[in-house]
Amino acid sequence: MKQAVHKLEISTRGQGLYEFTATINEWVAGQKMQTGLLTVFCRHTSASLLIQENADPTVRRDIKAYFDRLAPEDGPYEHNYEGLDDMPAHLKTALTQVQLSIPVMNGSLVLGTWQGIYLFEHRVHPHRRGIVLHLIGD
Amino acid sequence: MKQAVHKLEISTRGQGLYEFTATINEWVAGQKMQTGLLTVFCRHTSASLLIQENADPTVRRDIKAYFDRLAPEDGPYEHNYEGLDDMPAHLKTALTQVQLSIPVMNGSLVLGTWQGIYLFEHRVHPHRRGIVLHLIGD
Amino acid sequence: MKQAVHKLEISTRGQGLYEFTATINEWVAGQKMQTGLLTVFCRHTSASLLIQENADPTVRRDIKAYFDRLAPEDGPYEHNYEGLDDMPAHLKTALTQVQLSIPVMNGSLVLGTWQGIYLFEHRVHPHRRGIVLHLIGD
């Protein structure tokens with residue numbers, strides 16, 4: 001049994017879903033583990049992780065628009081001095097998650113056919129988002 | 001230290017919560033590990049996992065009804081050619097999760113007295129949902 | 001490779017966010033693992049876990065107020081005999097999560113600068129909430 005850890009950064013250019021499944025798959029493949037557990041961790045409180053459909057781009061647009069309606073910029077927030085997108089960003093992060101764990105079988109993640117791994121950026125301005133990958137197995 | 005993986009399928013007959021705690025408990029017990037970490041992974045983007053109260057069935061009915069109100073079929077969605085329940089299914093999946101990890105102590109999951117593990121089916125028509133169990137420990 | 005498990009209880013005094021990052025950090029440090037994966041598990045269906053900003057207290061107040069609006073006490077619930085806060089508590093738990101996994105690198109959790117770990121209590125009356133920590137690594 002062994003472990004591997006890896007830090008990576010994702011540059012975002014405004015709100016939306018940024019897929020990085022390929023980056024993760026490549027790193028996992030390089031670890032040469034047959035069976036294991038991959039954990040993806042996002043080190044932020046205004047960006048989150050989401051596994052969603054990676055086929056039709058309208059799904060991602062609808063997801064973004066939906067969360068904008070669910071946690072609107074004009075809500076009755078106390079915390080607003082970092083901008084109108086600040087508190088909605090915290091709420092969208094709370095409603096999704098900052099951590100995903102995915103089993104590895106036969107050397108690959110067990111993602112379903114339509115599942116892609118996304119960073120969900122909730123801030124309007126560009127950011128560099130820190131992600132940690134942890135893999136344990138053999 | 002060792003690992004075990006297992007694939008299973010759950011047949012659903014429309015939207016709602018399908019408990020499969022007993023199936024998981026039985027598989028975990030068969031692995032004869034005293035201490036470990038179980039991960040449950042759902043390989044879909046229109047069905048999700050939920051740990052919720054397994055005592056009073058009204059809790060499950062209220063949960064289903066609540067998510068139907070929170071992500072209604074008549075929302076302003078672009079993505080709708082797979083049916084009115086399609087985009088709400090993606091949103092309900094995003095609002096819950098497709099992965100759960102639960103520690104094992106003394107050979108059993110550390111679930112609380114009232115916690116059951118559910119597949120949350122968000123599509124109207126029957127489906128076969130693929131689940132992967134991963135256990136690591138000793 | 002080794003594992004460690006630990007049970008702890010958090011006493012809550014009504015609804016809100018209770019930070020326990022320091023308690024977790026101290027326990028993790030005591031395990032003397034350089035690399036690993038920590039899992040935090042909440043054994044309840046009316047309290048949940050959240051990683052959120054631990055700097056400005058207005059963020060926590062806004063999060064609490066937002067979830068009170070999103071899952072209000074006066075919703076059309078069937079399940080209400082344990083009090084008006086009962087069904088909203090289940091819904092808020094479903095919208096957040098009862099499990100978090102966080103990688104350990106160089107002996108410490110890889111939490112971001114502003115990330116704190118919170119128990120999110122959804123019931124009005126005081127409770128003792130059972131939490132399980134599981135750490136695997138070396």
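Here, each number is a calculation from the coordinates, and none is a lab measurement. Because the structure is predicted, anything quoted here is derived from the model rather than measured. With ideal geometry, Cβ positions are generated from the backbone for all residues, glycine too; neighbour counts draw on all protein chains shown.
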Can you figure out the FRET efficiency of A:T113 with B:E9, using R₀ = 25 Å and their beta-carbon distance, to the nearest 0.05?
0.95
Report, for B:K7, each distance to the same residue's label point in the other copies, shortest first and in nm; define the point 7 Å along Cα→Cβ.
3.7, 3.7
Copies compared at A:E82 - label distances in nm, ascending, label defined 7 Å from Cα in the Cβ direction
3.4, 3.4
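Counting Lys and Arg as +1 and Asp and Glu as -1, what is the net charge of the other residues whose Cβ lies under 15 Å from the Cβ of A:L111? Don't skip to the end; give the middle numbers.
Numbers: positive: B:K7, B:R43, B:R129; negative: A:E19, A:E26, A:E53.
Around A:L111, the charge tally is 0.
For chain A, rounded, prolate or oblate, judged on the Cα gyration tensor with a ≥ b ≥ c (square roots of eigenvalues), a/c < 1.5 rounded, else prolate if a/b > b/c? Present the calculation step by step, with values, prior to reporting the outcome.
Working: a/c = 2.62, a/b = 1.92, b/c = 1.36.
Since a/c reaches 1.5 and a/b is larger than b/c, the shape of chain A is classed as prolate.
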Averaged over the residues of A:17-23, the number of partner chain Cβ atoms within 10 Å of each residue's own Cβ comes to 0
Find, among the trypsin sites (Lys or Arg not before Pro) in the range B:17-90, those assigned to loop by DSSP (not H, G, I, E, B) with at most 15 other beta-carbon atoms within 10 angstrom.
B:K32
Mean residue ellipticity (222 nm) of chain B, computed from DSSP H runs ≥ 4 via -39,500 (n - 2.57), nearest 500:
-7500 deg cm²/dmol
Give the average, rounded to an integer, of partner chain Cβ atoms located within 10 angstrom of each Cβ in C:115-122.
1
What is the sum of charges around C:Y77, taking Lys and Arg as +1, Asp and Glu as -1, for the other residues whose C-beta is under 10 Å from the C-beta of C:Y77?
-4
Taking a point 7 Å out from Cα toward Cβ as the label site, list the nm distances between A:H125 and the same residue in every other copy, smallest first.
4.8, 4.8
Separation in nanometres of the label points that stand 7 Å from Cα toward Cβ, at A:T23 and A:R61
2.5 nm
Where Lys and Arg each count +1 and Asp and Glu each count -1, what net charge lies around C:P57 among other residues with Cβ under 13 Å from its Cβ?
-2
In nm, give the distance between the simple-model label positions of A:Y81 and C:M1, each being 7 Å from the Cα along the Cα-to-Cβ direction.
4.8 nm
Taking a cut-off of 28 Å between Cα atoms, list the lysines near C:K2, but don't count ones fewer than 8 places away on the same chain.
A:K2, A:K7, A:K32, B:K2, B:K7, B:K32, C:K32
Take peptide C:35-48, look around each residue's Cβ out to 10 angstrom, count Cβ atoms belonging to other protein chains, and average those counts.
6
Anisotropy class of the protein assembly as shown from Cα gyration tensor, a/c 1.5 cut:
rounded
Please give every one of the lysines within straight-line cross-link reach of C:K64, meaning a C-alpha to C-alpha distance under 25 Å, and leave out same-chain neighbours fewer than 8 residues apart.
A:K64, A:K92, B:K64, B:K92, C:K92
